[in-house]
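Reading through the structure tokens given below for one structure.
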Amino acid sequence: MNRRNAGIETSGGAPPAPPRAGTGNDTERRTDGTMEETKDIKNAAQGKSEELLQLVSFNIGEEEFGVDILKVQEINRMLEVTRVPNAPEYVDGVINLRGKVIPIIDLRRRFGMDRKEHDKNTRIVVVELCGKVVGFVVDAVSEVLRIPKSVTEPPPPIVAGINASYITAVGKLEDRLLILLDLDEVLSEGERKNLKNVA
């Protein structure tokens, strides 16, 4: 798979396919226009095969987060956002993505962090939540990782100021922690229903 300027896309109602090369100039996989080879983090002492988690990692503030790659449809540079009256504070508005209007959620605001001015590294991570396509604004997208499930553990009640209900696990990598988000829990059922009034 070509990792340079690659989008993460799925087609129609078919099951998510492995990441493939994007066709638009907006879609990319690294903020500097390049994509490192998928990184395997293995237990050095074990040669046995074990379950691997394949994740897209991104940054919000000083923290690094990971989400299941099969949840991610594509990653785009920041697009023009149209404000929507009376939308929740964490909803920036909507964008027109190839003729489809989708709501845009600022994960910083969702997690109770201060807003940050968008810059060249800001990205929109497009995912599907319970049949609804949503874009999450993040500070930067890092890379695709494959990590052994054995290096993860259940989260404590609060991680980096974020409620553990949003988190599936915390991965202990060689040089950092990776917070694994449960995208289905980022919005409650009622909040997902309210998004229908936004887009």
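The values are calculated or read from the model by the stated rules, or taken from the named source; none is laboratory data. A quick note: this is a predicted structure, and the numbers were derived from the prediction, not measured. Heads up, the Cβs are rebuilt from the backbone with ideal geometry, glycines too, and the neighbour counts pull from every protein chain shown.
Return the residue satisfying two criteria in turn: it lies in the range 174-189 and is surrounded by fewer than 16 Cβ atoms within 10 Å (Cβ to Cβ) and not acidic (D, E), and of such residues it is modelled with the lowest pLDDT.
Looking at the filtered set, the residue picked out is S188.
Report whether or not K100 is charged (D, E, K, R), loosely packed, with under 15 Cβ neighbours inside 10 Å and modelled with pLDDT under 85.
Values: charged (D, E, K, R): yes; loosely packed, with under 15 Cβ neighbours inside 10 Å: yes; modelled with pLDDT under 85: no.
Considered against the rule, which asks whether it is charged (D, E, K, R), loosely packed, with under 15 Cβ neighbours inside 10 Å and modelled with pLDDT under 85, K100 comes out as no.
Each row is one residue, and each column tells you yes or no for (1) touching a residue at least 40 places away in the same chain (Cβ under 8 Å); (2) in contact with an Asp or Glu (Cβ under 7 Å, 6 or more places away or on another chain); (3) buried (at least 17 other Cβ atoms within 10 Å of the Cβ).
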{"site": "V56", "(1), (2), (3)": "yes, no, yes"}
{"site": "E64", "(1), (2), (3)": "yes, no, yes"}
{"site": "R83", "(1), (2), (3)": "no, no, no"}
{"site": "E89", "(1), (2), (3)": "no, no, no"}
{"site": "I104", "(1), (2), (3)": "no, yes, yes"}
{"site": "D114", "(1), (2), (3)": "no, no, no"}
{"site": "K120", "(1), (2), (3)": "yes, no, no"}
{"site": "V125", "(1), (2), (3)": "yes, no, yes"}
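Give the range 45-101 a look and list any residue that's in a strand (DSSP E or B) and of a type in the set (S, T, Y), or say none.
Matches in the range 45-101: S57, T82.
For the structure I just gave you, tell me whether V151 is within 15 Å of the chain's Cα centre (by Cα) and surrounded by 15 or more Cβ atoms within 10 Å (Cβ to Cβ).
No: the conditions fail for V151.
When residues of the range 127-169 are filtered for being of a type in the set (A, V, I, L, M), part of a strand (DSSP E or B) and free of Cβ contacts under 8 Å to residues at least 40 places away in the same chain, how many remain?
4
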